[in-house]
């Protein structure tokens, strides 16, 4: 497949709609909070839409029944799960934003969204003219 | 370029190798450029995988955070379990993370400076372009002026 003049015309035509959709997808992303839990819900963590840690909460029961080393591991596990939830939500936000059939989600870095890390390279290879 | 710093570290090596390759046009240059690219990639990877460790101000808990700010470890001391209730423990865990995340951000800036020779407030990247890359910088200036 190669980029034809029709494709370029379509890209230019779709660009304003693409930019609007992208801005809508990004709006307020860092205001959202995503929660992850560990130790049967005894430990929880909240991260922002971009994955920044906002809160760690250790429950009374967890503190009473779990030893210090295991509790530390549970905190990390809760944070990991919260980050994963944020990445998944980010991928969903961008999944329906596309240009020329290429989803914007495929170009998000894997640490920001749960996406196929090779998708962007495949799209680029597909639209590049053969030499 | 008088009085201006040139990029240092892996990034500087990469720019100088790229400039030399462009100048010489020799075949071995392409291999050197590939090696320099691998070196730069390695330096960036090392930067992102580095971990810093900090304690909360009271010293109860130690958090390990990578330079992207992601929590890697939370080491809760036996003293924390003895002295603090659940709310207090939650707070010192988060405090340790915040201190470590701040150190991570500072360390990231230092590593970036080591890699490029450019620190915040120093010469801009354009000013730090080495002499042999001057023609590229001039092309960029022309491009900017044309906008």
Flag for residue A:20 being at pLDDT below 95 and within 14 Å of another protein chain (Cβ to nearest Cβ): no
Where residue B:70 falls short, out of the listed (1) exposed (fewer than 13 other Cβ atoms within 10 Å of the Cβ); (2) more than 24 Å from residue A:65 (Cα to Cα); (3) within 12 Å of chain A (Cβ to nearest Cβ): (1)
Residue ID - farthest from the other protein chains (Cβ to nearest Cβ), chosen from residues in the range A:74-88 that are surrounded by fewer than 23 Cβ atoms within 10 Å (Cβ to Cβ) and more than 30 Å from residue A:121 (Cα to Cα): A:77
Criterion (closer than 26 Å to residue B:45 by Cα, in contact with a helix residue (DSSP H, G or I) (Cβ under 7 Å, 6 or more places away or on another chain) and at pLDDT 95 or above) met by exactly one of B:133, B:81, B:115, B:74: B:74
Top-ranked residue in the range A:42-67 [being in a strand (DSSP E or B) and within 14 Å of the chain's Cα centre (by Cα); ranked as nearest to residue B:77 (Cα to Cα)]: A:47
Pairs where the first residue, in the range B:85-101, is more than 8 Å from chain A (Cβ to nearest Cβ) and the second is part of a helix (DSSP H, G or I), C-beta under 8 Å, 6+ apart: B:92/B:80
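Results for (1) closer than 20 Å to residue B:96 by Cα; (2) facing chain B (nearest Cβ under 7 Å); (3) free of Cβ contacts under 8 Å to residues at least 40 places away in the same chain; (4) surrounded by fewer than 19 Cβ atoms within 10 Å (Cβ to Cβ), shown as yes or no for each residue.
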position	(1), (2), (3), (4)
A:49	no, no, no, no
A:56	yes, yes, yes, no
A:69	yes, no, yes, yes
A:72	yes, yes, yes, no
A:90	no, no, no, no
A:96	no, no, no, yes
Any hit, the range A:34-41, residues being more than 10 Å from chain B (Cβ to nearest Cβ) and either farther than 24 Å from residue B:100 by Cβ or assigned to a helix (DSSP H, G or I) (or both): yes
Residue check for residue B:20: within 19 Å of the chain's Cα centre (by Cα) and either assigned to a helix (DSSP H, G or I) or modelled with pLDDT of 85 or more (or both): no
Members of the range B:36-67 that are at pLDDT 90 or above and surrounded by 17 or more Cβ atoms within 10 Å (Cβ to Cβ): B:52, B:54, B:55, B:56, B:60, B:61, B:62, B:63, B:64, B:65, B:66, B:67
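The values are calculated or read from the model by the stated rules, or taken from the named source; none is laboratory data. Bear in mind that the values here come from a model prediction, so they are computed numbers and not experimental data. No Cβ is skipped: glycine too gets one built from the backbone with ideal geometry, and neighbour counts run over all protein chains shown.
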